[in-house]
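A short write-up of the structure that comes next.
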Amino acid sequence: MDKLMHGRTVFVIAHRLSTVRNADAIIVMENGKVIERGSHDDLIAKHGKYYQLYTGNFDLDVLSTGS
């Protein structure tokens, strides 16, 4: 896939974060709003939502209550 995207502007919507890991810019959306933006390394360093999704480090209380 990286070979096909080389030298092009490509928008990728993915649930598998390994698909977007090498992207120049990753945009994380929640409820229709952009909540984070940056490279994979930048977003991992922030320990925000992308980090939680990538590492599987979820707040289980939030998931069980839906808030």
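The values are calculated or read from the model by the stated rules, or taken from the named source; none is laboratory data. For clarity, every value in this text was computed on a predicted model and none was experimentally measured. No Cβ is skipped: glycine too gets one built from the backbone with ideal geometry, and neighbour counts run over all protein chains shown.
Scan region 32-45 and report the pairs whose first residue is surrounded by fewer than 11 Cβ atoms within 10 Å (Cβ to Cβ) and whose second residue is in a strand (DSSP E or B), with Cβ atoms within less than 6 Å and a gap of 6+ or a chain change.
Within 6 Å, the pairs are VAL34/ILE27.
Here are some conditions: (1) surrounded by 12 or more Cβ atoms within 10 Å (Cβ to Cβ); (2) closer than 29 Å to LEU4 by Cβ; (3) in contact (Cβ under 8 Å) with a residue 12 or more places away in the chain; (4) not β-branched (Val, Ile, Thr). GLY48 meets all but one. Which one does it not meet?
(2)
Quick one: count up the residues across region 1-18 that are surrounded by 10 or more Cβ atoms within 10 Å (Cβ to Cβ) and either of a type in the set (S, T, N, Q) or not in a loop (DSSP other than H, G, I, E, B) (or both).
Matching residues across region 1-18 total 2.
Taking region 29-41 only, how many residues are in contact with a helix residue (DSSP H, G or I) (Cβ under 6 Å, 6 or more places away or on another chain) and either of a type in the set (Gly, Ala, Ser) or at pLDDT below 95 (or both)?
Qualifying residue count for the region: 0.
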